[in-house]
Each structure stands twice: as structure tokens, then as C-alpha cells.
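Structure, as C-alpha cells:
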Amino acid sequence: MNSIFLLPYGGANTSSFRSYVDRFPRDVGRVVPIELPGRGKRSHEEPARSIRECAALALQQIDTTSEGYILHGHCMGALLAFEAIKMIQARGGPLPRFMVASGRNAPKHVNAWLRRVVDLDDRGFLRELQGIGGVPKGLSFAMAQQFLSVVRNDQAMARAYDPGETRISVPILVLAGRDDPMTNAAALAEWERYTSKVLSIEWMDGRHHFILDRPDLVAVHIEAFGELVKCPAPVEDP
């Protein structure tokens, strides 16, 4: 069975994916959400200050010896997955079968929404996050201070991230929401510049957090991409 290590979007913790994990088809894989410092069960720890630092800390929880493992990152998590694979590749470790990047343009892009919300006060910022479905249910403004602090730190890491020029030797499956205001077709296609292997882009209905609504369809795309990269492309006769 595939182990699918899931790296979170800004502000998320492992409980954010509880329903997703429960509904993900077990015959396709076992989803393992990664808990980052500064939130959830690790809320007592200092948060990371850069994508590279955060990816290194996340990598400590990922069993790279697991046969046929996959890294899946949503939004900020896609940057973490990409950076973690660069680290694994640099040290000659066992690479994942492939990477899934959902809800995130290619690494060099910082979307307009992320730039716009940086100067908002907490109430305005919370409203913006609610508008994209990024706030835990039932979280009031009075209880949101730690959550907002975590999100702001995550967004600062994403804005400052420089992916460099390294390509990963891992195929990439890009999942995109048709109504996601955070992504666009041209910037999604640029993920091709970051892999020396296969790239595939698949569109799903929904806004920014579309994967949480359809774990069954995510599984369909993961299974199909797994079959694609398993079979080498035919060699044409000279």
C-alpha cells in the first residue's frame, strides 16, 4: 500500500485533514498528515522561519524507506514537498514515486491575494481567510489570535521562498480547482520547469480547498498518475 505523506496548507494542522483521511480510499493509499511546529500537537514548539527549515523539520516525520511512498502538498505544502524532495535528492536518499502539488502555482509565483492580505488587520485578515474556506469551523475572532499568527508566519515563509534552479528527478501531478482564485493555468503549467520527469495537470471542481471535498477523486487521479509513471514511454523507431 502506498504511504501518502500530506504536507499542509498555511495554518493547517493534522486535524484539518481528519475527514479527508477517513474518506480517502484505503486501496489507493494510506494518507499520513504531517504536523508542523507551532500548531496542533506541536503548538508548544517554535514555528519554522523559512520554507527550507520547515521542509527539513517535516522530513523528520516522513519515512523515506517506505516502499512506494508519495509526497502530497497542498498550497504552501506543495513548496514544502518540493523542497523536501530536493533535500532527499541532494543526499542520495530514496525518492518518492511522485509528488502531488495541489492548489499551488509553480514555486516562483506569489499570487496577488497573498500579497494583498499582508497589510490587513486581524479582523480583515480573518474575513479573507473565511472567504477561501481556510478557517476551522466554529473559530471565533476572540479565539483566533494564535491561528492568525501561525497563518501569517506561514504566508511570510511562502512569500520569501526562492526555489532556485534545481529540478527534481521525480514526476509531478498537479491538481487544480476550476474556481480556485489562487491559481491559473499558465502558472500551474510552469511546474514543468521544476521536474526532469513527467508532469500532468488535472482539474477538479471547487475553490481553493477543493481536495478536502473530494478525496475519492483525488485518489482516482493519484492512481491513474501512478500507472502512467510506472509504464515507461515507448521508444520510437529511428
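Comparing LEU217, LEU95, LEU148 in a Gaussian network model of the chain (Cα springs below 10 Å), the most mobile by mean-square fluctuation is LEU217. Computing Rg and the Kirkwood Rh from the Cα coordinates of the chain gives a ratio, Rg/Rh, of 0.95.
Taking the 1.4 Å solvent-accessible surface of the chain as the whole, the part contributed by carbon and sulfur is 50%. Applying 1/(1 + (r/R0)^6) with R0 = 25 Å to the Cβ-Cβ distance of HIS109 and SER149 gives a FRET efficiency near 0.50. Judged by the ratio a/c of the largest to the smallest principal axis of the C-alpha gyration tensor, segment 41-142 counts as prolate, that ratio being 1.5 or greater while a/b is larger than b/c. For the residues ALA144, ALA55, ALA81, a GNM of the chain with alpha-carbon springs under 10 Å puts the largest fluctuation on ALA144.
Counting only protein heavy atoms and a 1.4 Å probe, the chain has 48 square angstrom of accessible area per residue.
The values are calculated or read from the model by the stated rules, or taken from the named source; none is laboratory data. A quick note: this is a predicted structure, and the numbers were derived from the prediction, not measured. Cβ sites come from the backbone with ideal geometry, for glycine too, and all protein chains shown count toward neighbours. The accessibility values were calculated without ligands, DNA or RNA, using every heavy atom of the protein model including side chains. Shrake-Rupley method; radii C 1.70, N 1.55, O 1.52, S 1.80 Å.
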